[in-house]
Amino acid sequence: MPSKPTLWITRKLSDNTMARARRDYEVIDNPDDRTFSTGEIVEMSAKVDAVLPCHSELFNADVAARLSDRVKIIANHSVGVDHCDLPALGARGIVVTNTPDVLSDATAEIVSLLRLGAARGGAEGDSRVRSGGWRDWSPSFMVGQQVTGKRFGVIGMGRVGRVAAMRAQGFGMEIHYHNRRPVEDFPNAVYHASVEDLIAHSDVLSLHCPATPENRGMINAERLALMPDGAILVNTARGALVDDAALSAALKLGRPGAAGLDVSNNAPAVDPGYGGLPNVFLLPHIGSATFETRDAMGFRALDNLDAFFSGSEPRDRLV
Ligand code: DGY
């Protein structure tokens, strides 16, 4: 029987994923679930045929140039691949895959949580009850915004954006979106040809585009100023899409009225600007963190590896 390929699984994945991986590969795991420096990634690459990383491992152009020839495939456990320099890895002849589709439902659920958490002061309410800072019920206490009937704006009508829009329709929201081109299979959604036009017509603006070099910092002071009074910004995509300093300054002025952020720059550290703001609802990058989705992401990454090592084209090959 031919020997199993050696696979480095950089983080602690679901039990089902690990069991399947150990059945089919010689697995090098990370039981302590620590993160690795780029130097350690390069060093480890000499010992493995394949890597199954998360977005927490950086494969930039410098790392790509220094990876061992032994590594043939990087099968990401993520849909986002902004941690990978695809052209540089492709130039080294390394196949790169991701895990699209399987995390759309979980992430869209977090969009709903952030939308409501931001609209109704979820963070402030929780902290008041826990700290004993809630003394009496009053009709004028913690009055928030209702999202029913309002406009839900999506930047990037891809897989997650569409499911998020469908869930928002369940809240009676009107769907608006900006995309490279209009989509044909989302009836009743209003297309906006420019980001600016969408922003000006969104009561809740939700980001669903990749953090490509062109998109980095796309939500800046100028665009924040276009948001309607009381509007809410939701980000489950990548922190790099938002200029944190501009957003925290704008939130202090109440425009936008609130934000719900699952991602931010420099995570896990929080931008100091958000710390004291009652109109920000923050989560620690848990968009895809459900038991079901973690299994599905792990299996999808393993499916890609299995295809590669059996000589077929991996379904989610990017380069
Ligand atoms: C993704 O899949 O891109 C999520 O952000 C988790 O990495």
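The values are calculated or read from the model by the stated rules, or taken from the named source; none is laboratory data. Predicted model only: the values in this text are computed from it and were never measured. Because the Cβ atoms are built from the backbone with ideal geometry, glycine has one as well, and the counts that use them run over all protein chains shown. Side chains included, ligands, DNA and RNA excluded: accessible areas come from the protein's heavy atoms. Shrake-Rupley method; radii C 1.70, N 1.55, O 1.52, S 1.80 Å.
Using 1/(1 + (r/R0)^6) with R0 = 22 angstrom and r between the beta carbons of Asn220 and Asp197, what's the FRET efficiency to the nearest 0.05? Working shown, then result.
Details: r = 16 Å, r/R0 = 0.74.
It comes out at approximately 0.85.
What a 1.4 Å probe finds exposed on the chain is 53% carbon and sulfur by accessible area, rounded to a whole percent.
Helix-only arithmetic for the chain: the sum of -39500 (n - 2.57) across DSSP H runs with n ≥ 4, divided by the residue total, places the mean residue ellipticity at 222 nm at -10000 deg cm²/dmol.
Here, P(r) means the percent of Cα pairs in each 10 Å bin from 0 to the largest distance; for the range 104-282 it is 10, 40, 36, 12, 2, 0. Computed on the Cα atoms alone, the convex hull of the chain gives a volume of 150 cubic angstrom per residue.
Given a 1.4 Å probe and the protein chains as shown, Asp32 ends up with an accessible area of around 130 Å². Helices that extend 20 Å or more along their long axis by alpha-carbon positions and average at least -1.0 on the Kyte-Doolittle scale are, among the DSSP H runs of the chain, 104-119, 291-309. Between Val190 and Asp62, the simple spin-label model (points 7 angstrom out along Cα→Cβ) gives 4.7 nm. Global dimensions of the range 91-190 from alpha-carbon coordinates: Rg and Dmax equal 18.5, 65 Å.
Here's how it looks for Phe281: its modeled amide H is under 5 Å from those of Ala259, Gly260, Leu261, which are all 5 or more places away or on a different chain. Cross-link partners for Lys47 among the aspartates and glutamates, with Cα-Cα distance under 20 Å and sequence neighbours closer than 8 places in the same chain left out: Asp24, Glu26, Asp29, Asp32, Asp33, Glu57, Asp62, Asp69, Asp306.
Taken over the C-alpha atoms, the range 209-267 has Rg and Dmax values of 10.7, 30 angstrom.
For the chain, the solvent-accessible area works out to 47 Å² per residue, with a probe of 1.4 Å and every protein chain left in place.
What is the extension gain from Leu318 to Asp33, computed as 0.36 nm multiplied by their sequence separation minus the C-alpha to C-alpha distance, in nm to one decimal?
On the way: separation 285, 0.36 × 285 = 102.60 nm, distance 2.64 nm.
Between Leu318 and Asp33, full extension yields 100.0 nm more.
Averaging the Cα positions of each part gives two centres, and for the range 1-72 and the range 127-171 these lie 39 Å apart.
Of all lysines in the structure, the ones whose alpha carbon falls short of 29 Å from that of Lys150, not counting any fewer than 8 places away in one chain, are Lys252.
Translational diffusion coefficient of the range 30-122 (Stokes-Einstein, Kirkwood radius from Cα pairs, 10 °C, 1.306 mPa s): 107 µm²/s.
Among the GluC sites (Glu not before Pro) in the range 212-319, those located in a DSSP loop and surrounded by at most 12 other Cβ atoms within 10 Å of their own Cβ are Glu214. For Glu174, the residues whose amide H sits under 5 Å from its own are Gly149, Lys150, Arg151, Phe152, ignoring neighbours fewer than 5 places away on the same chain, with H placed 1.01 Å from N. Highest-first packing order for the peptide set 307-317, 192-202, 13-23 is 192-202, 13-23, 307-317, based on the mean count of other beta carbon atoms within 10 Å.
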